[in-house]
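First the structure, in the form of structure tokens, and then the observations on it.
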Amino acid sequence: MSEITQEQVAHLANLARIALTPDEIESLTKELGSIVDNVAKVSEVATADVPATSHPIPLQNVYRDDVPGNTLTTEQALAGAPDHDGSRFRVTAILGEEQ
């Protein structure tokens, strides 16, 4: 097991401004040690002839043509609005802006 100490975990928590209890520090020390050990195991088998991948099977994006379809009229869009001025939605001012 790697040598992650409770002092290192407490120091990292302090740098990250995270308040941890002694029990949390102890638990995280074990978990971080396990993570470091597992990364080391993967690094042992990751050789130069094995290409880096993010997925076990190749993926590609599938795009379709952007074809305009039926759209709502202004009246249809505003029909369910709680408040409108006939051509636009009316909403309350935000961030102290007055109109």
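Here, each number is a calculation from the coordinates, and none is a lab measurement. Since the structure is predicted, the reported quantities are computational estimates derived from the model, not experimental observations. Cβ atoms come from the backbone with ideal geometry, glycine included; neighbour counts cover every protein chain shown.
Which of the listed residues, 73, 12, 39, is farthest toward the dipole's positive end in the chain, when Lys, Arg count +1 and Asp, Glu count -1 at the beta-carbon?
Positive-end residue among those listed: 73.
Charges only on Cβ, +1 for Lys and Arg, -1 for Asp and Glu: so what's the dipole of segment 6-45 about the Cα centre, in debye to the nearest 20?
Computed about the Cα centre, the dipole is about 140 debye.
Just need log10 I(q)/I(0) for segment 7-99 at q = 0.13, 0.14, 0.16 Å⁻¹, Debye formula, equal scatterers on the alpha-carbon atoms, no solvent, rounded to two decimals.
-0.77, -0.78, -0.86
Measure nothing but the geometry: give the 0 to 90° angle between the long axis through the Cα atoms of 6-15 and the longest principal axis through the Cα atoms of the chain, rounded to 10°.
With rounding to tens, the tilt is 30 degrees.
Working from Cα positions, state the angle (0 to 90°, nearest 10) between the long axis of helix 22-45 and the longest principal axis of the chain.
Helix 22-45 sits roughly 80 degrees off the main axis of the chain.
How would you order 8-17, 41-50, 24-33, 80-89 from highest to lowest mean count of nearby Cβ atoms within 10 Å?
Ranking the peptides 8-17, 41-50, 24-33, 80-89 by packing returns 24-33, 8-17, 80-89, 41-50.
Per 0.36 nm of contour for each residue apart, how much would the distance between residue 14 and residue 64 grow if the chain were fully extended, relative to their Cα-Cα spacing? Mind showing how you got there, number by number?
Details: separation 50, 0.36 × 50 = 18.00 nm, distance 4.92 nm.
Answer, rounded to one decimal: 13.1 nm.
When only Cα pairs under 8 Å and 6 or more residues apart are kept, what is the percent relative contact order across segment 1-78?
31
Per residue of segment 82-89, what does 6.51 cos²θ - 1.76 cosθ + 1.60 with θ = phi - 60° give for ³J(HN,Hα)? Whole Hz please, x for Gly and Pro, Karplus curve as stated.
Per residue, the Karplus-derived 3J(HN,Hα) values read x, 8, 7, 10, x, 10, 9, 5 Hz.
Bin all alpha-carbon pair distances of segment 6-45 at 5 Å intervals from 0 and give each bin's fraction as a whole percent.
Bins of 5 Å from zero give 6, 24, 26, 17, 13, 9, 4, 1 percent of pairs.
On a C-alpha basis, how far is the centre of segment 54-96 from the centre of segment 1-40 in Å? Whole number, if you could?
Each part reduced to its Cα centre gives a spacing of 46 Å.
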